[in-house]
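Contents: one structure, followed by commentary.
The values are calculated or read from the model by the stated rules, or taken from the named source; none is laboratory data. Everything numeric here is computed off the predicted structure, so don't read it as measured data. Neighbour counts run over all protein chains shown; Cβ positions are idealised from the backbone, glycine included. These accessible areas exclude ligands, DNA and RNA; they are computed on the full protein's heavy atoms, side chains included. Shrake-Rupley method; radii C 1.70, N 1.55, O 1.52, S 1.80 Å.
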Amino acid sequence: KQEVTQIPAALSVPEGENLVLNCSFTDSAIYNLQWFRQDPGKGLTSLLLIQSSQREQTSGRLNASLDKSSGRSTLYIAASQPGDSATYLCAVAGNTPLVFGKGTRLSVIA
Amino acid sequence: DTGVSQDPRHKITKRGQNVTFRCDPISEHNRLYWYRQTLGQGPEFLTYFQNEAQLEKSRLLSDRFSAERPKGSFSTLEIQRTEQGDSAMYLCASSLQVSGNTIYFGEGSWLTVV
């Protein structure tokens, strides 16, 4: 059974800092890994999708990497802003539909 | 592309009542998913459809839960005889049937059982 773990559970940083969120998964037989953002009380917004054959994806200030063999992914956020404050969720797709971690709650302090 | 829409956004119901949620996926998407999320947790898979066929159901989906997608377009999720433990956000998502495609989520339907 696929299990996804996200570390840390919560993170507070000053504005402008670069930061890394971590995601690990137990079964490396995945099709892809997706990072989502969730604002309080809202649905999920897709940020980046990395196919199993890819090593990384970039969108603006976000960069996600994937090391399938070790079961790890990181989401790098450059020059953080207060508007980046949200919960970030990692999810993997394999033989079962998306399996999510519990998320990392990020607060960026102005 | 109007995105995935869900209705109602919020529902408060008394224990024992039945509730139904509706999801309208992105129009060309043939896969539709239902997830449940409680506070502080990630979304948990409930069930998914490919066109009108329900292909997989989680063991979380007790016999009080039923989902349909009668014409392969919108879907409904009904909860019968609601319990306080059913209080959660119910999320709908859709995608194209292509391995590795992005899954798009709606804003969710909040259920509070009192």
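Here's the yes/no breakdown for (1) touching a residue at least 60 places away in the same chain (Cβ under 8 Å); (2) in contact with a helix residue (DSSP H, G or I) (Cβ under 7 Å, 6 or more places away or on another chain); (3) open to solvent by 60 Å² or more (accessible area, probe 1.4 Å); (4) over 20 Å from A:Leu48 (Cα atoms):
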residue	(1), (2), (3), (4)
B:Gly42	no, no, no, no
B:Tyr48	no, no, no, yes
B:Ala53	no, no, no, yes
B:Ser58	no, no, no, yes
B:Gly85	no, no, yes, yes
B:Cys92	yes, no, no, no
B:Gln97	yes, no, yes, no
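Quick check on A:Gly60: is it without any contact (Cβ under 8 Å) to a residue 40 or more places away in the chain and open to solvent by 20 Å² or more (accessible area, probe 1.4 Å)? Spelling it out, A:Gly60 is indeed without any contact (Cβ under 8 Å) to a residue 40 or more places away in the chain and open to solvent by 20 Å² or more (accessible area, probe 1.4 Å). Considering A:Thr26, A:Thr45, A:Thr5, the condition of being surrounded by fewer than 17 Cβ atoms within 10 Å (Cβ to Cβ) and within 15 Å of B:Ile103 (Cβ to Cβ) is satisfied by A:Thr45 alone.
Among strands (runs of 3 or more DSSP E) entirely within segment A:1-99, having at least 1 residues that are within 14 Å of another protein chain (Cβ to nearest Cβ) and modelled with pLDDT of 95 or more singles out A:4-7, A:10-14, A:19-25, A:32-38, A:44-51, A:56-59, A:62-67, A:86-93. Those strands (runs of 3 or more DSSP E) of segment B:1-87 in which at least 3 residues are touching a Cys at 6+ places or on another chain (Cβ under 9 Å) and under 19 Å from A:Thr45 (Cβ atoms), considering only elements entirely within it, cover B:31-37.
Taken over segment A:63-99, the criterion of being among the hydroxyl-bearing types (Ser, Thr, Tyr), in contact (Cβ under 8 Å) with a residue 60 or more places away in the chain and open to solvent by 20 Å² or more (accessible area, probe 1.4 Å) is satisfied by A:Thr96 alone. Look at segment A:9-34: where a residue is at positive phi and a partner is in a loop (DSSP other than H, G, I, E, B), sitting 6+ places away or on another chain with Cβ atoms under 7 Å, you get A:Gly16/A:Ala79; A:Gly16/A:Ser80. The number of residues in segment B:1-25 being open to solvent by less than 60 Å² (accessible area, probe 1.4 Å) and under 23 Å from B:Arg81 (Cβ atoms) comes to 7. Please find, within segment A:100-110, the residue that is surrounded by the most Cβ atoms within 10 Å (Cβ to Cβ) out of those that are more than 10 Å from every other protein chain (Cβ to nearest Cβ) and among the small types (Gly, Ala, Ser). Result: A:Ser107.
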